[in-house]
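Beneath this line is the structure, given in structure tokens, with notes to follow.
The values are calculated or read from the model by the stated rules, or taken from the named source; none is laboratory data. All values derive from a computational prediction rather than experimental measurement. Reconstructed Cβ throughout: ideal geometry from the backbone, glycine too, with neighbour counts over all protein chains shown. With ligands, DNA and RNA removed, areas are computed over all heavy atoms of the protein, side chains included. Shrake-Rupley method; radii C 1.70, N 1.55, O 1.52, S 1.80 Å.
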Amino acid sequence: EGARRKRAYTKRLSLPTAPAVPPCLACGACCFSQLDTFVRVLGDDYSRLGELAESLVRFEGTRAYMRLLDGHCAALEIDVDSGRFVCVAYARRPQVCRDLERGGGACQAEREAKAPRPLLALRRARR
């Protein structure tokens, strides 16, 4: 009886758990933007992108940015069959993308602000 009462009491005191952070391949929210200057590409980033740079990077004067395509980074491929969001430049991605920690504050903010965008893009791609 005492152990059962203690479990019930402990259950009432437990704090709600935060929702699980989805795997990046199931989310993609951070790759979406309506701002053309969303992902800045610096010199080291451009070099690291190698042959991909020409198709993925655009210039505004002397500043470089990742291209956007349909409201998301041009490096993001939406796999219609699996519903995954795959970065074709993942191993070579810009530093700002590398610095975004999955589940961190910036990741959470991106998911909160943009959660519907990847799902809408997936729905459009499946039509």
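Below are the figures for this structure:
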| item | result |
| --- | --- |
| GluC sites (Glu not before Pro) within region 38-126, DSSP loop, no more than 11 other Cβ atoms inside 10 Å | Glu101 |
| Global geometry of region 30-89, whether rounded, prolate or oblate, following the gyration tensor of its Cα atoms and the 1.5 cut on a/c | oblate |
| Amide hydrogen neighbours beyond the local backbone of Leu42, cut-off 5 Å, H modeled | Gln95 |
| Kirkwood estimate for the chain, i.e. one over the average of 1/r between Cα atoms, Å | 16.6 Å |
| Using alpha-carbon coordinates, inclination of helix 105-114 to the longest axis of the chain, degrees | 80 degrees |
| Where labels lie 7 Å past Cα in the beta-carbon direction, separation of Ala91 and Leu69 in nm | 2.0 nm |
| P(r) histogram, all alpha-carbon pairs of region 52-127 included - 10 Å bins from 0, percent | 16, 45, 35, 4 |
| Cα long-axis angle, helix 116-125 against the chain (0 to 90 degrees, to the nearest 10) | 60 degrees |
| With every protein chain in place, region 22-127: carbon and sulfur % of accessible area (1.4 Å) | 51 percent |
